[in-house]
Amino acid sequence: MTETEEKTGPPVTLIDPIDMTKLDPKFRNDISSMPNGEELSACFACSTCTAACPIANQWDYMPHQLIRMILLGMRDEVLSSKEIWECLTCFQCQERCPQKVRVTDIFFDCKNLAAEEGHVPENVLALGKTLVDKGQLYEVINDWEREDLDLEPEVPGLSIEGIQSILKSTRTGKLVEDGE
Amino acid sequence: MPVYSLYMGCSVPANYPNYEAAMFKVAEALGMNLNYLEDVACCGSPNLRSIDTFGWLLVNARTIAIAEKSGHDIVTPCNGCFGSLKDVLHHLTHHKDDLKKINVELKKMGLEFKGSINVRHIIEAMYTDIGIEEIKKRVTKPLDGVGIAIHYGCHLLRPLDVTEFRPEILQEMVDATGATVIDYPLWKQCCGATVLPVNEQLAIRLARDKLKSMKDAGAVFITVVCPACGNQLDLQQLGLKDSYGEVYDLPVLLYPQILALAMGMNEEEIGLSMNRVPADPILDHLSG
Ligand code: SF4
Ligand code: SF4
């Protein structure tokens, strides 16, 4: 190897450097002031959450990185990530965290913040629309199957209006309206 | 006779009436009085919590407040409904600010959330209130030790501080039928159902990993206590032939179906023919 090898471009690092000017220092407070965020700052980056996650190996941002990104203030990257929506909500990360960080619950809160900014995957929004339009996620189609088993043909006790009237006045209603 | 408020949700009645029927048959035999809750709404699923936590809290707080009027605990056969209702109960019991906001809204509907009742999975109610010894007494056709893998479902077990459901409960319930519980490495892993709307390939891979882990460990059947998990593990087996070239032939039974058979009930009563991977081979494993 010669010593005259020319160096061009920024130095090689293991990960891309973070652009500090784009950080939002308020983001960590937004999350930690929500009911599930009390333990957020106790995270000591051990990555146990990632080791417990069954799908982290195919993510660009793994659970411990997402938590670190929240602490650093990488608001846009977290809220526009596909990872928060692909999270299985299996709570394996949260169960194993030695610092009691409510990792899965925090990702739920991130999804709410993303939704507030209008970022919701199409098929998830479609489920919201089903709830507003039909008042339930699944409808009985084969009522004869129920009758064969001596069950009432309709879903017993289900009030469709119960959920419809509530969701029309909360964020779901707004998201569904904006999506139309 | 213990009395309960039964919350069905929308998935079991629409997709798994066989689960509903078997649950009723077994509960009746065990002397449990299940009353359908009236005028309650769909729980919304974790998807509703993702986009609209306040709406999700309010919908489920409303259901709990309705049930509080009768004073009986809520029981449900669906892990999704259980997870939502139990999580909302836990949340509102621990976060007084949110409770205040929710009660302002509930008051407009003539309701109030007090947190005076519990939310329980039907299996835990059978286990705790009836007890394994009583259940065993009613088993007249025990299974012959056939290997059954339990898929608990994420929202039944976690987070434990919310769900308060220990895996041993379901293990002992399966033991009581005479079957052998098969340990397998991926017992805690998600079935993949929740990610179906955003990444179907990932959902299929998760179901496949789970089925493979069960099969490799020697399971002959699978038991579940949730319509979404049941649907995922049952239905995906049909597609895995094409996508992975793998055949699992692992019948998926809702737990009350297994218990009902072991109690001597017949396959029609529990809608065994509705299970997609043919589940009738389990009849060959009944003795007595
Ligand atoms: S397991 Fe807990 S403490 Fe460790 S990196 Fe994850 S969130 Fe942080
Ligand atoms: S809850 Fe989400 S992030 Fe946590 S382990 Fe499960 S899939 Fe991974």
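The values are calculated or read from the model by the stated rules, or taken from the named source; none is laboratory data. Given the structure is predicted, the values throughout are model-derived calculations rather than measurements. Ideal geometry is used to build each Cβ from the backbone, glycine not excepted, and the neighbour counts take in all protein chains shown. For the accessible areas, the whole protein counts, side chains as well, though only heavy atoms, and no ligand, DNA or RNA atoms are used. Shrake-Rupley method; radii C 1.70, N 1.55, O 1.52, S 1.80 Å.
Some notes on this structure:
- Shielding value for A:118-128 is 4, the average number of Cβ atoms from other chains within 10 Å of each residue's Cβ.
- Computed from the C-beta positions of A:LYS100 and A:ASP16, the FRET efficiency with R₀ = 41 Å rounds to 0.85.
- Net dipole in debye of the protein assembly as shown [+1 Lys, Arg Cβ; -1 Asp, Glu Cβ; about Cα centre; nearest 20]: 1020 debye
- Among B:VAL225, B:PRO167, B:ALA65 - extreme Cα towards positive end, dipole of chain B, charges at beta-carbon: B:ALA65
- Span-like helix ranges in chain B, DSSP H, alpha carbon extent 30 angstrom or more, Kyte mean at least -1.0: none
- Couplings 3J(HN,Hα) for the range A:39-55, derived from phi with the Karplus relation 6.51 cos²θ - 1.76 cosθ + 1.60 (θ = phi - 60°), are 8, 3, 6, 7, 4, 10, 6, 7, 6, 4, 4, 5, 4, 7, 7, x, 10 Hz, where x marks Gly and Pro.
- Computed on the Cα trace of chain B, the radius of gyration divided by the Kirkwood hydrodynamic radius gives Rg/Rh = 0.97.
- Annotation: average projected area of the range B:83-226 is 11.4 square nanometres, based on the convex hull of Cα atoms across all directions.
- Whole-number D in µm² s⁻¹ for the range B:138-287, Kirkwood Cα-pair radius fed into Stokes-Einstein, 25 °C, 0.890 mPa s: 157 µm²/s
- Per-residue SASA entry for B:SER70, accessible area with 1.4 Å probe, Å² rounded to 10: 60 Å²
- Site pair A:SER41 and B:ASN103 shows an inter-label distance of 3.1 nm when each label is modelled 7 Å from Cα along Cα→Cβ.
- Dimensions in Å of the range A:87-180 - Rg and Dmax from alpha carbons: 17.7, 52
- Relative contact order of chain B, defined on C-alpha pairs under 8 angstrom at six or more residues apart (%): 20 percent
- Ordering B:GLU268, B:GLU124 by accessible surface, largest first, gives B:GLU268, B:GLU124; the 1.4 Å probe counts only protein heavy atoms, with every chain in place.
- Restricting the range A:39-104 to chymotrypsin sites (Phe, Trp or Tyr not before Pro) in coil, as DSSP defines it, with at most 15 other Cβ within 10 Å: A:PHE44
- Normalised by 2.2 N^0.38 Å, with N the number of residues, the alpha-carbon radius of gyration of the range B:24-138 equals 1.15.
- Paired Rg and Dmax values of the protein assembly as shown, which use every Cα atom, in angstrom: 23.3, 89
- Put simply, the Cα atoms of chain A extend 84, 35, 34 Å along their principal axes, the longest span coming first.
- Average other protein chain Cβ within 10 Å of Cβ, residues B:201-212: 1
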